[in-house]
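The values are calculated or read from the model by the stated rules, or taken from the named source; none is laboratory data. Just so it is clear, the model here is predicted, and its values are computed rather than measured. Glycine gets a Cβ as well: all are built from the backbone with ideal geometry, and neighbour counts include every protein chain shown.
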Amino acid sequence: MVERIGVCPTCGLPTDICTCKIIERETAKIKIYMTTRKFGKPVTLVEGIDENSVKSVLKTLKQKLACGGSYKDKRIELQGNHVKKVKEILLGLGFDKNMIEES
C-alpha cells in the first residue's frame with residue numbers, strides 16, 4: 001500500500017479535513033483503575049486507548065504526571081496512583097467525559 005503525503009491512510013481524505021482522530025476520541029470506551037504490584041507499589045492502568053494514538057497519549061501522560069510508564073498487553077501502565085489526574089489529562093486531550101470510566 002502506497003501512502004501519499006497529505007492523505008489519511010484510514011479514510012483516504014486529505015489530512016486537513018480528516019476527522020479520524022476526533023471520531024476515535026469520542027467513541028473510545030476508556031477504563032482507568034489502580035492496582036498494586038510487588039512490595040505494595042501502586043500502578044495506574046488505562047485500557048481502551050486506540051493503538052494508533054497510544055504512543056502520543058502515553059508520552060503526554062508521562063510528561064504531565066512526571067512518572068514512568070509503558071504500554072503492555074493493550075493497556076497503559078503508569079507508576080503511582082494517578083487515577084484522577086489521568087482522567088483530567090484525557091479530557092484535556094479531547095476524549096469524551098462520558099466514555100471515561102474510573103474505578
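Scan the range 36-61 residue by residue and report those that are more than 11 Å from the chain's Cα centre (by Cα) and of a type outside the set (A, V, I, L, M). Break it down into steps so the answer makes sense when it comes.
As a first pass, look at the range 36-61 and keep what is more than 11 Å from the chain's Cα centre (by Cα): 36-44.
Matches in the range 36-61: T36, R37, K38, F39, G40, K41, P42, T44.
Could we say that E47 is in contact (Cβ under 8 Å) with a residue 60 or more places away in the chain and either surrounded by fewer than 15 Cβ atoms within 10 Å (Cβ to Cβ) or within 12 Å of Y33 (Cβ to Cβ) (or both) here? Judged against the criteria, E47 is not a match.
For the range 63-79, the count of residues that are in a helix (DSSP H, G or I) and surrounded by 11 or more Cβ atoms within 10 Å (Cβ to Cβ) is nonzero. If you go through the range 26-51 and pick out every residue that is under 17 Å from L91 (Cα atoms) and in a loop (DSSP other than H, G, I, E, B), you end up with 5. Filter the range 92-103 down to residues that are more than 22 Å from T35 (Cα to Cα) and surrounded by fewer than 17 Cβ atoms within 10 Å (Cβ to Cβ) and give me whichever is modelled with the highest pLDDT. For the range 92-103, the residue satisfying everything is G92. Taken residue by residue, the range 52-59 has at least one member that is assigned to a helix (DSSP H, G or I), surrounded by fewer than 12 Cβ atoms within 10 Å (Cβ to Cβ), at pLDDT 95 or above and not hydroxyl-bearing (S, T, Y). For I32, the test of being at pLDDT below 95, buried (at least 16 other Cβ atoms within 10 Å of the Cβ) and in contact with a helix residue (DSSP H, G or I) (Cβ under 6 Å, 6 or more places away or on another chain) is failed.
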